[in-house]
1. Which of the residues belonging to the range 301-356 are out of contact with any helix residue (DSSP H, G or I) (no Cβ under 8 Å at 6 or more places or on another chain), more than 16 Å from the ligand (Cβ to nearest atom) and open to solvent by 30 Å² or more (accessible area, probe 1.4 Å)?
2. Restricted to the range 361-388, and to residues that are more than 8 Å from the ligand (Cβ to nearest atom), of a type in the set (D, E) and more than 16 Å from L311 (Cβ to Cβ), which residue is nearest to the chain's Cα centre (by Cα)?
3. Given the conditions (1) farther than 19 Å from A161 by Cα; (2) crowded, with 21+ Cβ neighbours inside 10 Å; (3) of a type in the set (A, V, I, L, M), and given that I232 satisfies all but one, which numbered condition is not satisfied?
4. Within the group K226, K146, K160, which residue is more than 18 Å from L290 (Cα to Cα), open to solvent by 30 Å² or more (accessible area, probe 1.4 Å) and touching a Lys or Arg at 6+ places or on another chain (Cβ under 6 Å)?
5. For the range 196-218, which residues satisfy the criterion of being assigned to a helix (DSSP H, G or I) and within 15 Å of the chain's Cα centre (by Cα)?
6. Which residues, taken from the range 271-302, are among the small types (G, A, S) and either touching a Ser or Thr at 6+ places or on another chain (Cβ under 8 Å) or part of a loop (DSSP other than H, G, I, E, B) (or both)?
7. Suppose we filter E279, E233 for residues that are within 20 Å of S51 (Cβ to Cβ) and touching a strand residue (DSSP E or B) at 6+ places or on another chain (Cβ under 9 Å); which single one remains?
8. Can you tell me which residues in the range 249-266 are under 35 Å from the mean Cα position of the chain (by Cα) and open to solvent by 80 Å² or more (accessible area, probe 1.4 Å)?
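The values are calculated or read from the model by the stated rules, or taken from the named source; none is laboratory data. Because the structure is a prediction, the values reported are computed rather than measured. Positions of Cβ are generated from backbone atoms using ideal geometry, with glycine treated the same way; all protein chains shown enter the neighbour counts. The accessibility values were calculated without ligands, DNA or RNA, using every heavy atom of the protein model including side chains. Shrake-Rupley method; radii C 1.70, N 1.55, O 1.52, S 1.80 Å.
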Amino acid sequence: MNTLDPWGAVKIDNYTKLFDEFGISRFDELLGNIKNPHRYMRRHIIFGHRSYDSVLDAMITGKPFAAMSGFMPSGKAHLGHKMVMEMIIWHQQQGGDAFLAIADMEAHAVRNISWEKCRELGINEYILSAIALGLEPGAHVYFQSKSDHVRDLAFELGVKANFSELSAIYGFSGETNIAHMVSALTQSADILQPQLKEFRGPKPVVIPVGADQDPHIRLTRGLAYKVNMFIIEKRPGNDKSYISVRGKAAPKEALKEIAKRTGGKLYEEHVDVFALSSEEVEAVVRDVELRYGGYAFMPPASTYHKFMTGLQGGKMSSSVQESFIALSDKPEEGAKKVMRAITGGRVTIEEQKEKGGEPEKCSVYELLLFHLIEDDSELMEVYKDCVGGTRVCGVCKKHAAERMKEFLKGHQEKMELARERLGEFGI
Ligand code: SF4
């Protein structure tokens with residue numbers, strides 16, 4: 001018999017391309033260093049990352065770090081949004097600063113949603129849900145259109161971004177409205193905002209995203225690099241590699257100071273440092289850049305999670321009501337959707353008893369795996385019973401539907417309580 005793999009339902013096959021083609025690292029390699037991994041981490045639902053080691057290192061050593069995400073208020077918040085919210089909350093619980101943006105500028109520019117509607121959906125669907133799931137005061141919850149920092153930074157980033165680059169990522173054409181382009185840069189500004197001096201300066205920041213969001217992350221990492229005053233590069237030397245710090249828009253005095261503090265050799269436009277580690281040089285450069293009015297951004301980190309499939313198979317789509325469960329669905333309605341969901345059951349009960357079910361093809365199992373069962377050993381039991389043919393889909397679905405009903409009921413009660421607490425979040 002093959003080794004039982006209760007996490008096997010989240011297939012990685014479709015994602016391996018991301019590792020190879022885009023240089024996303026495997027999350028598994030870091031898992032052993034995380035003290036209380038979230039169930040998305042333990043269950044390999046989070047499968048990849050960029051620079052998450054910097055966040056982890058800050059978490060372990062007690063240095064500042066942050067987690068941020070944005071939500072476009074264009075419809076109902078659903079289980080996919082819940083995944084991102086849970087990750088922001090988990091990082092807040094680990095001591096990080098939490099940032100939650102309502103991307104109203106994007107919703108207005110791209111979906112033509114009125115500002116009033118953006119505000120209503122932003123609060124009722126997203127902010128209340130995040131608080132209900134455990135977001136605590138101290139989190140920076142904001143609407144893009146109301147944040148001077150974000151709008152100013154988006155403008156500044158716009159100086160370094162050009163039309164071709166944005167079109168390659170977002171598919172812009174001559175017909176695309178300008179506000180849409182601005183909203184793409186605003187997203188990058190959201191991602192970099194936690195590193196502004198108003199929020200305690202440069203730090204590792206993680207953006208938990210679905211695998212399709214990597215282009216935004218790549219764009220923002222590129223912009224962070226471009227707006228910084230210095231480029232730090234490791235160079236191969238004759239006997240030992242060294243670090244070169246090149247000033248782009250840096251004043252000569254700043255470069256001189258870097259040379260002095262690192263003991264490096266000063267040239268016209270760069271300093272070569274031989275005796276310090278990359279981390280030591282980066283720390284000096286960051287400090288000098290900040291004093292000379294630069295940003296000194298660290299490249300934002302990201303984690304990538306797998307998608308849930310739609311309840312009817314195929315992709316989960318917000319335009320197909322039956323394919324997803326919204327956090328504001330009536331509990332009975334949510335339960336009904338579970339009862340109508342596609343399972344990995346066999347055609348007949350006899351066949352199921354003989355061959356066992358196929359949890360890796362089952363959207364009900366996916367609900368249990370992603371959302372409804374916290375205890376790994378309990379999930380393992382479900383998995384074993386399913387593949388062993390002792391669990392039948394009718395009973396299993398009922399069990400999942402009941403859990404979904406309970407979750408939605410409890411969540412919506414907490415959302416109502418959260419309404420009273422909006423003031424604590426500056427809303
Ligand atoms: S028994 Fe449960 S987990 Fe297994 S295929 Fe049926 S519904 Fe899915």
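1. S318, S319, V320, Q321, E333
2. It comes out as E374.
3. All conditions are met except number (2).
4. Values: K226 fails: more than 18 Å from L290 (Cα to Cα); K146 fails: touching a Lys or Arg at 6+ places or on another chain (Cβ under 6 Å).
None of the other options fit; the residue is K160.
5. Taking the range 196-218 first, the residues assigned to a helix (DSSP H, G or I) are 197-199, 211-218.
A211, D212, Q213, D214, P215, H216, I217, R218, listed by residue number.
6. Kept after step one, since they are among the small types (G, A, S), are these residues of the range 271-302: 275, 277-278, 283, 293-294, 296, 301-302.
Scanning the range 271-302 gives A275, S277, G293, G294, A296, A301, S302.
7. Values: E279 fails: touching a strand residue (DSSP E or B) at 6+ places or on another chain (Cβ under 9 Å).
Result of the check over E279, E233: E233.
8. The one that is under 35 Å from the mean Cα position of the chain (by Cα) and open to solvent by 80 Å² or more (accessible area, probe 1.4 Å): A249.
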